[in-house]
Amino acid sequence: MSLAKPYPNLTATEKILLNSIVEGDLVRGSRIGIKAHQTLGHDLNAIMTFLALESMGIEKVDTEVSVQYIDHNMIQADYKNADDHRYLREITSRLGVICARPGSGICHQLHLEHFGRPGKTLIGGDSHTVAAGGIGMFSIGVGGFDAAMAMAGKPLYITMPRIVKVNLVGKLPQLVSAKNIILEVLRRLTVKGGVGKVLEYCGPGVATLNVAERSIIANMGAETGATTSVFPSDAETRKWLAAYGREEQWVALEADAGAVYDEEMTIDLSRLEPLIALPSQPDKVVPVREVAGKKIDQVMLGSCTNTALGDVLAIANALKDRFVSPDVDVSFYPSTRTVIRESIRRGAYDQILTAGVRMFEPICGGCNGCGFAPGTEGVSLRTTPRNFEGRSGTKSAHVYLCAPETAVASALTGVITDPRALDIPDFAYELPDKFIDPGNLFNYPKLEGTDEIHYGPNIKPIPKMPPLEDQLNKPVLLKLPDNITTDHICPAGAIYLPIRSNIPEISRHSFNVVDESYSERAKASDGGILVAGTNYGQGSSREQAAIVPRYLGVKAVIARGFARLHLANMVNWGLLPLVFRSEQDYAAVEQGDLLEIDTSDLKEAEPVRVWNRTSGSSFYVDTPLVQADLDAIKVGGRINTVK
Ligand code: SF4
């Protein structure tokens, strides 16, 4: 396979994109269309994806590989999740999609193990799809509708990102693992610093990290707002593929010596120390020693970010011949069945089990509030990538993010502990030449078609999205601060996840952590407008965060800025994004103000005047979209343009 046409001085990112670009050119900031070589989805978001594919009349997916995972919500307390899982099993078989059996593993790690291929593009219905950057893919998280389009073989349109060279030098010290690298990146860039950019890693430090460690870094690049992260494909990548019996899929990938970057940063790995993100944003990063001694209530080891084999062995190494603190509830969610089997073979699983840790199956579980919620005001240390308010399932919890070594040291002492303060033996490990055969992980599609498709009563049809009126004369239903997450808009947690395929039902809980009266007010008001600060819609790829406001009658969101993924979902579902020009304009609008906006002739790059009929003033806002997207919003969203 050739990884690039003969263009000189390319970054690794550009080399991959050249092999998938179908519209536009590699001009930074321009609009390009890329075709997905691979797609992935998971049970929470994919119901919408498949309902969209069905409504489009698609009979078979048009990709090299499409895989559906069932890992996010595995609690079968009633029929709802079981019905979702059955629908996914049946519809994937009909459409030619591989379907992981429930409990086979967490999607991003399982994909890395069995399908990730350097030099390819991956479009996934989950924001942490970017984890595959660790194996040298251009991987990007999208909403369910864009995932459906990618599976149908349609291009994904993105703005050609700026490319940041992240130069890694040196080697990590003992007890300072890869999670601390991305926490350092977050400390420097914040949750907004990666917006519109690809973080491309290079430098001699890269060779000291294996693919799973690179994937931890790429995974949490999502938290910077970056489009994605890309690592080179080198001898370590080849070793990874060989360990999973796929060495023939290896290709070399690295930037040319004269590659042109837009920005550059250097991280000396040897100077890093254990870091921790304070509640409730992943960029509130400080050295662990600054908060050491704080009493904790629980520790969650796991998630797609931090339970590859190396993490599990490091956890077991720290726990060997010790018991966790009697005051701390500790859970362990491994990433895949292969990791479980390999850690059993090496005795690590038993060491963790006997230390007093609760062992779960390889699923998301506690990470998205679906299985290990902290108690009221509980202090929880997690190796997960996110700590947004309410995500753990407990609104009042205080969730810290850290590396496994810090989490496990704290589990032993009962207080936040710098792992270097404990007498933990030095640790190193090697991937096996070949992993144990993983067994029965996947259902492969029946190529001749399938039997009947069953829809449970909780799977409701996609709501109809009416066109945008020419004149908006609507109240501000909520005035929100900076960094509103998709968890605020459409809550996570075990109570809410099973009803994500039921828009009328999930809508009743929108913004409940901000204002419990909101959804009732929104429904009663015959439509309205939301006002927000910067980075509105950060977090997950869930498109329900755009569908639910629309269902409740919201026509537009005026914010100081939007997260990329959410902006795309707003276009797909017909929710108009408008951007304040100044902090003063944002400050001057109050909740309850009546705003009037003429939306009859929205034009790319042309400002729109907003009249505040309550205060009697007016101000201008910008439209952060190209003309095709504005036109799609006028007809009620892209969902209405492809049916
Ligand atoms: Fe699952 Fe958490 Fe990873 Fe999302 S971030 S894929 S919920 S483990």
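With viscosity set to 1.306 mPa s and temperature to 10 °C, compute the Stokes-Einstein D of the stretch 384-457, Rh being the Kirkwood radius across alpha carbon pairs; µm²/s, no decimals.
Using the Kirkwood radius from Cα pairs, D works out to 88 µm²/s.
If you line up the Cα atoms of the chain on their principal axes, what length do they span on each, largest first, in Å?
Principal extents (largest minus smallest coordinate, Cα): 69, 55, 54 Å.
Gap in Å between the Cα centre of the stretch 618-638 and the Cα centre of the stretch 40-76?
Taking the Cα centre of the stretch 618-638 as reference, the centre of the stretch 40-76 is 28 Å away.
When we measure straight from the Cα of LYS295, which lysines land under 21 angstrom away, once same-chain ones fewer than 8 places off are left out?
Cross-link targets: LYS284, LYS395.
Could the peptides 61-73, 273-285, 118-130 be put in order, highest first, of the mean number of other beta-carbon atoms found within 10 Å of their residues?
Per-residue mean Cβ counts within 10 Å order the peptides as 118-130, 61-73, 273-285.
Between their Cα atoms, which of LYS165/LYS197; LYS120/LYS197; LYS15/LYS120 are more than 21 Å away from each other? Provide the component values of the computation, followed by the final result.
Details: LYS165/LYS197 10 Å; LYS120/LYS197 19 Å; LYS15/LYS120 10 Å.
Distance filter (> 21 Å) returns an empty set.
Can you list residues whose amide H is under 5 Å from VAL299's amide H, if they're 5+ apart or on another chain and H is modeled 1.01 Å from N?
So VAL299 has HN proximity to ASP329, VAL330, SER331, LEU381.
Check cross-link reach from LYS464 to the lysines: straight Cα distance under 20 Å, and skip same-chain residues fewer than eight apart.
LYS523, LYS555, LYS634, LYS643
Counting only helical runs of four or more DSSP H residues, what would the 222 nm mean residue ellipticity of the chain come to if each run contributes -39,500 (n - 2.57) and the total is spread over all its residues? Write down the numbers at each step before the final one.
Values: 19 runs with 169 residues, N = 643.
-7500 deg cm²/dmol, from helical runs alone.
Straight distance only, please: which aspartates and glutamates reach the Cα of LYS179 with their own Cα at less than 17 Å, same-chain residues fewer than 8 apart left out?
GLU200, GLU213, GLU223, ASP268, GLU273, ASP283, ASP311, GLU405, ASP418
Across the stretch 436-583, how large is the tail of the calculated P(r) beyond 18 Å, expressed as a percent of all Cα pairs? Can you show the working numbers first?
On the way: 6536 of 10878 pairs.
Across the stretch 436-583, Cα pairs with separations above 18 Å total 60 percent.
Run the numbers on the chain and let me know its relative contact order in percent, using alpha-carbon pairs under 8 Å that are six or more apart.
Here the relative contact order equals 14 percent.
May I ask what percent, to the nearest 5, of DSSP beta bridges between residues of the chain are antiparallel? Present the calculation step by step, with values, prior to reporting the outcome.
Details: 32 of 89 bridges.
Percent antiparallel among DSSP bridges in the chain is about 35.
With θ set to phi - 60°, apply the Karplus curve 6.51 cos²θ - 1.76 cosθ + 1.60 along the stretch 93-110 and write out the HN-Hα couplings as whole Hz, x wherever there is a Gly or Pro.
4, 5, 8, x, 10, 6, 10, 5, 5, x, x, 6, x, 7, 3, 5, 6, 5
We did not get these values from a lab; they are worked out from the coordinates using the rules stated. Worth saying up front: this structure is predicted, and the values here are computed from it rather than measured. For neighbour counting, all protein chains shown are included, and Cβ atoms are generated from backbone atoms with ideal geometry for every residue, glycine included.
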